[in-house]
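The values are calculated or read from the model by the stated rules, or taken from the named source; none is laboratory data. These numbers come from a predicted model, not from an experiment. Note: ideal-geometry Cβ built from the backbone for every residue, glycine included; neighbour counts use all protein chains shown.
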Amino acid sequence: MPTTGSTTLAFAASGAVTATPDGDLLAESPIAVAEVMMNRALVALEDCATSAPITESYCVVGELAWDECCGVLAGVPVRTFKSAVFPTPITDVTNCDSSLLCVDIAVVLLRCAPVIDAQGNPPSSADMAAAFAAASTDAAVVMNAMMEEMPAGWERATLEQTFDGADGGCIAIVTSMTVGLPQTDWCLDCGAP
């Protein structure tokens, strides 16, 4: 993970994170926040010798397609809101000067699950147990990565993990959290009018 001492921390073309003079990190967009956390999970999974390779990693807005599920890691911004008392959303948006900008995000890891073979035979219990054990290990790796210290100025709440599948040979490990940012709006670079 890049340090907060650099002036601009670029995380692909989708967004950027910039360090303030105080060292706080400001995000350009919700997808930039999701990308920071996804990259944290990616590094942890790549460092774990027992994890299968990640074949694709990207951020997506909306539903994640499970077309190619074996080894897909995605960062997904789910919702944005303002909070005066983190992580509770504010209802009166007329007085937002001291509020945090918050993003609910999900880091989704898709893994393969054994399926019925071409002859109609179900997978063996040993194959299913091995796939689910590997997914459980990957879930622990991602959860540990999400519990590491947050970037400067960021807050985290409601960290949780759910499992979905095995649909169409895929298992989804969904790690969700709310991230509070030390800013009142997105740091957009829309160019000069």
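Filter the stretch 137-153 down to the residues that are part of a helix (DSSP H, G or I) and touching a Lys or Arg at 6+ places or on another chain (Cβ under 6 Å) and list them by number. If the condition is that a residue be part of a helix (DSSP H, G or I) and touching a Lys or Arg at 6+ places or on another chain (Cβ under 6 Å), then A145 is the only one that fits.
For (1) modelled with pLDDT under 90; (2) within 17 Å of M143 (Cβ to Cβ); (3) within 17 Å of the chain's Cα centre (by Cα), each residue gets a yes or a no:
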| site | (1), (2), (3) |
| --- | --- |
| V43 | no, yes, yes |
| E46 | no, yes, yes |
| T55 | no, no, yes |
| W66 | yes, no, yes |
| V85 | yes, no, no |
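Taking the stretch 61-79 as the range and being closer than 23 Å to M147 by Cα and surrounded by 16 or more Cβ atoms within 10 Å (Cβ to Cβ) as the test, the residues that pass are G71, V72, L73, A74, G75, V76, P77. Residues that are farther than 22 Å from W66 by Cβ and assigned to a loop (DSSP other than H, G, I, E, B) do occur in the stretch 154-176.
I'd like to know if the stretch 82-94 contains one or more residues that are touching a residue at least 40 places away in the same chain (Cβ under 8 Å) and farther than 23 Å from M150 by Cα. The answer is no; no qualifying residue exists. Inside the stretch 108-136, can you point out the residues that are surrounded by 10 or more Cβ atoms within 10 Å (Cβ to Cβ) and assigned to a helix (DSSP H, G or I)? Once the filter is applied, which keeps residues that are surrounded by 10 or more Cβ atoms within 10 Å (Cβ to Cβ) and assigned to a helix (DSSP H, G or I), the stretch 108-136 yields D127, M128, A129, A130, A131, F132, A133, A134, A135, S136.
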